[in-house]
Amino acid sequence: MAEELSELLRVRRDKLEEFRKAGRDPYPYKYVRTGTSADIQKKYADLKGEEDSPEEVSVAGRILAKRGHGKAFFMHINDGEGRTQIYAKLDLLGKEKYELFEKLDIGDFVGIKGKVFRTRTGELTVRVSDWTLLSKSLHPLPEKWHGLQDKELRYRERYVDLMINPETKEVFLKRFRIIKAMRKFLEGKGFLEVETPILQVMQGGAAAKPFESYHDALDMPLFLRIAPELYLKRLLVGGFEKIFEMGRVFRNEGISFKHNPEYTMLEVYEAYSDYHDVMKLTEEMVLAALKEISPELKIEFKGETIDFTLPWRRIPLIEALREYGGVDIENRSDDEIRKIAKSKGIEGFEEIGIGKIINVLYDKLVEPNLRQPTFIIDYPLETSPLAKKKRDNPRLVERFELIVAGMELANAFSELNDPLDQRERLKKQAELKAAGDLEAESMDEDFLRALEYGMPPAGGLGIGIDRLVMLLTNSPSIRDVLLFPHMRPLAEAAPKEEEMKILDK
C-alpha cells in the first residue's frame, strides 16, 4: 500500500515537471479574478439555456471533481464561497492546451477564463477559453475522508477536512459569526475591548495548573496566562468601567470532549454592578449569539432539545445538591460533610478543605444532570478567593456558573474589592500551594497594591467560547470547533489505510 501511495506521489511530481517544460509556471504569483462562485450565481441567475454571457469571466479555485473524457469533460472548482462548474472542449481550446488541461489533478488550484452558459440540467457553467495552473497539488486527496468513524485524521489534517467536508467549514463560519455577534453586543452596551499580557509573572485569576516558560533576557520564569482576570481588574482600578477581553488562555490539564489545553475565553467586567446584573447580561449576550445562527430559541444538541427561553432557572448550589444529589449539607459540620462525600463514593479528599469537597460533590451529583440553561449560584467561600462574600451568609460567595447540557459555559462573581480581605484569602491560597495544590492562586503583591488604590464594586464574567460554539453548532467535541486542536505526534510516518485510497486513483 505504501508503494502504491509513493507511486501516486511520483506521478504528480512528474506532471509538475511536464507543466514546467510546457512553459506553465505551477506556482505563479497572482491571478486576477472578475468574481467568485457566489458572484457568478448572482450575476447570471437569469441567464437562459441557449444564451452565453456577453462577457468572459475569470474564476479560480481548487479542483474537487472531474468527469468525462475524450473531446470534452466537466470539472468542479471550489473557492471560498462555493463551487463553479467548468466545461472544457477540445475544439475550443486546441489540442495542445486541451491535452495539458486534462492532466490537471483533483486538488490542483486553477484559474479559468471563459463565458458563462447554462447546461441542459440547469447548472451555470464556465466554458473554458483559457486556463492557468495556480498551484500544483503534490499530495492526492483521501477518498473516504468524508464521514470517517475515526475523526483523529480530520483533526490532525484540518486543512484537508476543510476542503473536503463543507459541513466542517460551516461550523467554523458559524463560530466566527458567534464571536462577531458577541463583540457587537458588548460594544453596543458601551464595553471597550482591551488587551492584557499572555505571558505573566505569576499565575492567577483561576484555579488551574499553568504552563511555565522562561525569559532569558530577564532571567526569570513566566507563565502562560490561565486567565486575564487580575490584569482586567487593574484596569478597573485605573478608571476603565466597562471592559472585555477575548483571547486564548492556557491550562495544563487533561484533554476531553470539553477540555483543550488552550482555548478561547471571554472575560467581561462592569463597574458598579454585581452578579445579579451579570446574570442578566449573560442571558442577553448568549441569546444574541444564538440569534446570529438560528431564528429559534430551541436547538438540538446531541439528540436533546435545549430551550433558551427566558428566564433561565437560578438555584443555589446547596439546594441543587439536595434536589439532584439527594444530599443535604446545610448547617452540617465539616466531619458530617466528609462522611456524606464518602457515602457517595468520593475518596481521597481527607486533606483538602471542605469547600473543595462540596465542589466535588456538585461536580459528580449535580452538573451532569443540568440539561436546560441553569444558573447555579452561591458557592463555598474556600473555592472562590476572588469573589465577594454573600451578603447574608459569609460562608458563601456571590458567584454563579451557567450550566447547559451538563457543561459549564460561564463563571461569574460579584468581584472582591476589599484589599485586606483579598490579602487574607490569597494567603490561604499560598498555603495551599505550598502544601502541593498546583491549582491554588499565587500571592500577587502587585495586584494587591492595585486594590489598595481602590477598585469600584464590579461584576465579572468569564465565558468559554469553544463550549458555547459546541452547543450552538451541535458539535459533540471541543475538537470539532477548534481549527487545530492539540494532538499527540504521530507514532510513525506511515499513512493509515484510509489515506491510501485516492480520489484520482
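The values are calculated or read from the model by the stated rules, or taken from the named source; none is laboratory data. Note that the coordinates shown come from a computational prediction; the quantities given were computed from them, not determined experimentally. In this analysis, Cβ positions are derived from the backbone assuming ideal geometry, glycine residues included, and neighbour counts consider all displayed protein chains.
Can you find a residue in the stretch 112-132 that is surrounded by fewer than 17 Cβ atoms within 10 Å (Cβ to Cβ), of a type outside the set (F, W, Y) and in contact with a helix residue (DSSP H, G or I) (Cβ under 9 Å, 6 or more places away or on another chain)?
Yes; the residues of the stretch 112-132 include at least one that is surrounded by fewer than 17 Cβ atoms within 10 Å (Cβ to Cβ), of a type outside the set (F, W, Y) and in contact with a helix residue (DSSP H, G or I) (Cβ under 9 Å, 6 or more places away or on another chain).
This table checks each residue for (1) aromatic (F, W, Y); (2) in contact with a helix residue (DSSP H, G or I) (Cβ under 7 Å, 6 or more places away or on another chain); (3) over 15 Å from T473 (Cβ atoms).
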position	(1), (2), (3)
D277	no, no, yes
A289	no, yes, no
F301	yes, yes, no
T305	no, no, yes
P316	no, no, yes
E319	no, no, yes
Y324	yes, yes, yes
V327	no, yes, yes
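Filter the stretch 381-405 down to the residues that are assigned to a strand (DSSP E or B) and surrounded by fewer than 19 Cβ atoms within 10 Å (Cβ to Cβ), then identify the one that is nearest to the chain's Cα centre (by Cα).
Ranking the candidates gives K389 first.
Among the listed residues G436, G454, which satisfies the condition of being over 20 Å from E267 (Cα atoms) and in contact (Cβ under 8 Å) with a residue 60 or more places away in the chain?
Answer to the check: G454.
Test S343 against the criterion of being at pLDDT below 95 and more than 26 Å from R225 (Cα to Cα), and give yes or no.
yes
Within the stretch 345-363, is there a residue that is assigned to a loop (DSSP other than H, G, I, E, B), farther than 22 Å from L461 by Cα and of a type in the set (A, V, I, L, M)?
Checked against the condition, which is being assigned to a loop (DSSP other than H, G, I, E, B), farther than 22 Å from L461 by Cα and of a type in the set (A, V, I, L, M), the stretch 345-363 yields at least one hit.
Give the residues of the stretch 1-58 that are of a type in the set (F, W, Y) and touching a residue at least 60 places away in the same chain (Cβ under 8 Å), sorted by residue number.
Of everything in the stretch 1-58, those that are of a type in the set (F, W, Y) and touching a residue at least 60 places away in the same chain (Cβ under 8 Å) turn out to be F19, Y27, Y31, Y44.
Among K43, K48, which is the only one that is at pLDDT 95 or above and surrounded by fewer than 17 Cβ atoms within 10 Å (Cβ to Cβ)?
K43
For the structure I just gave you, tell me whether L173 is surrounded by fewer than 19 Cβ atoms within 10 Å (Cβ to Cβ), more than 30 Å from A88 (Cα to Cα), under 20 Å from the mean Cα position of the chain (by Cα) and modelled with pLDDT of 90 or more.
Considered against the rule, which asks whether it is surrounded by fewer than 19 Cβ atoms within 10 Å (Cβ to Cβ), more than 30 Å from A88 (Cα to Cα), under 20 Å from the mean Cα position of the chain (by Cα) and modelled with pLDDT of 90 or more, L173 comes out as yes.
Could you pull out the residue among R338, R399 that is charged (D, E, K, R) and in the same structural domain as V278 (by TED's automatic domain parsing)?
R399
Filter the stretch 261-275 for residues that are under 18 Å from the mean Cα position of the chain (by Cα) and closer than 17 Å to E187 by Cβ; which is surrounded by the most Cβ atoms within 10 Å (Cβ to Cβ)?
E267
Only one of (1) outside any loop (DSSP other than H, G, I, E, B); (2) out of contact with any His (no Cβ under 6 Å at 6 or more places or on another chain) fails for Q85. Which number is that?
So Q85 meets the others, but not (2).
If I filter the stretch 121-128 for residues that are of a type in the set (S, T, N, Q) and at pLDDT 95 or above, do I get at least one hit? Lay out the reasoning, then the answer.
Of all residues in the stretch 121-128, those of a type in the set (S, T, N, Q) come to 121, 125.
Checking the rest, the ones that are also at pLDDT 95 or above come to 125.
So far as the stretch 121-128 goes, yes, one or more of its residues are of a type in the set (S, T, N, Q) and at pLDDT 95 or above.
What is the number of the single condition among (1) without any contact (Cβ under 8 Å) to a residue 24 or more places away in the chain; (2) assigned to a helix (DSSP H, G or I); (3) closer than 22 Å to F250 by Cα that E167 does not meet?
Among (1) without any contact (Cβ under 8 Å) to a residue 24 or more places away in the chain; (2) assigned to a helix (DSSP H, G or I); (3) closer than 22 Å to F250 by Cα, the lone unmet condition for E167 is (3).
Within the stretch 176-200, which residues are assigned to a helix (DSSP H, G or I) and either surrounded by fewer than 18 Cβ atoms within 10 Å (Cβ to Cβ) or out of contact with any Phe, Trp or Tyr (no Cβ under 7 Å at 6 or more places or on another chain) (or both)?
Listed by number, the residues that qualify are F176, R177, I178, I179, K180, A181, M182, R183, K184, F185, E187, G188.
Pairs only if they're at least six apart or on different chains, beta carbon under 9 angstrom, first in the stretch 342-361 and assigned by TED's automatic domain parsing to the domain that holds K433, second modelled with pLDDT of 85 or more; list them, first residue then second.
none
Would you pick out the residues in the stretch 276-331 that are in contact (Cβ under 8 Å) with a residue 60 or more places away in the chain, loosely packed, with under 15 Cβ neighbours inside 10 Å and in a strand (DSSP E or B)?
Across the stretch 276-331, the qualifying residues are E300, E304, D307, R313, R314.
Here is a yes/no grid of residues against (1) aromatic (F, W, Y); (2) more than 22 Å from the chain's Cα centre (by Cα):
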{"site": "G239", "(1), (2)": "no, yes"}
{"site": "F244", "(1), (2)": "yes, no"}
{"site": "G254", "(1), (2)": "no, no"}
{"site": "H259", "(1), (2)": "no, no"}
{"site": "L290", "(1), (2)": "no, no"}
{"site": "K302", "(1), (2)": "no, no"}
{"site": "F308", "(1), (2)": "yes, no"}
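For the stretch 362-380, which positions are touching an Asp or Glu at 6+ places or on another chain (Cβ under 8 Å) and surrounded by fewer than 20 Cβ atoms within 10 Å (Cβ to Cβ)?
Answer for the stretch 362-380, where residues must be touching an Asp or Glu at 6+ places or on another chain (Cβ under 8 Å) and surrounded by fewer than 20 Cβ atoms within 10 Å (Cβ to Cβ): E367, R371, Q372.
Are any residues in the stretch 134-154 out of contact with any strand residue (DSSP E or B) (no Cβ under 6 Å at 6 or more places or on another chain) and at pLDDT 90 or above, and if so, which ones?
K136, S137, L138, H139
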